[in-house]
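Taking it in order: structure first as structure tokens, then the write-up.
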Amino acid sequence: MQTLISPSLLAADFTNLKADIEMVNNSQADWFHLDIMDGVFVPNISYGLPIVEQINKIAKKPLDVHLMIIDPDRYVEAFKKAGADILTVHYEACTHLHRTVQNIHNKGMKAGVSLNPHTPVSVLEEIISDIDLVLLMSVNPGFGGQSFIENTYEKVEKLAQLIKEKNASVIIEIDGGVNLETGKKLIEAGANALVAGSFVFGANDPSKTISNLKNL
């Protein structure tokens, strides 16, 4: 499959958000990546449901929503109503992960599970066949613009092997430090989807940058 590109709006210009959303609409990007942070699970606060609702009014591509929050179960239905198409929760934040995944599916969304850099992919062995996407954090979650963690390539390979062994159909998405160099290596390791924030929105030509990522 061709690589899916999901620009992270956390790096967009919030004083001119509509223009940045329209740029993504008109680009080769596949999804909008929305990072939801609560200041508790991660040491930062981003934006919440009202902003997601407004983004959904303009966005013409699926909303790839990444919940970096504690107790995500409380908000599954709310994010569905706000427009989420894919809802990703953190393994580290879910006491009853299977129940959370079921809840996301029951609300009509695709279910993703994210792993922090220190969390091994082996924790997903019992649930990999029940989820649609695994989001591997290649930086520590909470802030944009961090350096890529090199161990991620090996982690992608291990996850791809687990998916193959379980005969599952799961998208491997990577978030953090993605550029043309790391992106190429990630795809070679088995990644299917790339999240890019500052690399896209900090570029002189964001649409061209998205195209370059898409065609790695």
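Computed quantities for the displayed model
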item: Thr95-Leu17 FRET efficiency (beta carbon distance; Förster radius 45 Å; 0.05 resolution); result: 0.85
item: Among Val42, Val89, Val76: highest mean-square fluctuation, GNM of the chain, C-alpha pairs under 10 Å; result: Val42
item: Cα-based equivalent ellipsoid, the stretch 28-136: semi-axes from gyration tensor eigenvalues, Å; result: 21, 16, 13
item: Inter-label distance for His105 and Glu188, nm, one decimal - labels placed 7 Å from Cα along Cα-to-Cβ; result: 3.6 nm
item: Fraction of beta bridges assigned by DSSP in the stretch 4-214 that are antiparallel (%, nearest 5); result: 5 percent
item: Peptides ranked, highest mean first, by Cβ atoms within 10 Å: ranges 111-124, 194-207; result: 194-207, 111-124
item: Debye intensity ratio I(q)/I(0), log10, the stretch 4-214, q values 0.15, 0.16 Å⁻¹ (C-alpha model); result: -0.90, -1.04
item: Cα centroid of the stretch 14-73 to Cα centroid of the stretch 95-134, whole Å; result: 20 Å
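Coordinate-derived values only; no laboratory data. A quick note: this is a predicted structure, and the numbers were derived from the prediction, not measured. Backbone-built Cβ (ideal geometry, glycine too); neighbour counts: all protein chains shown.
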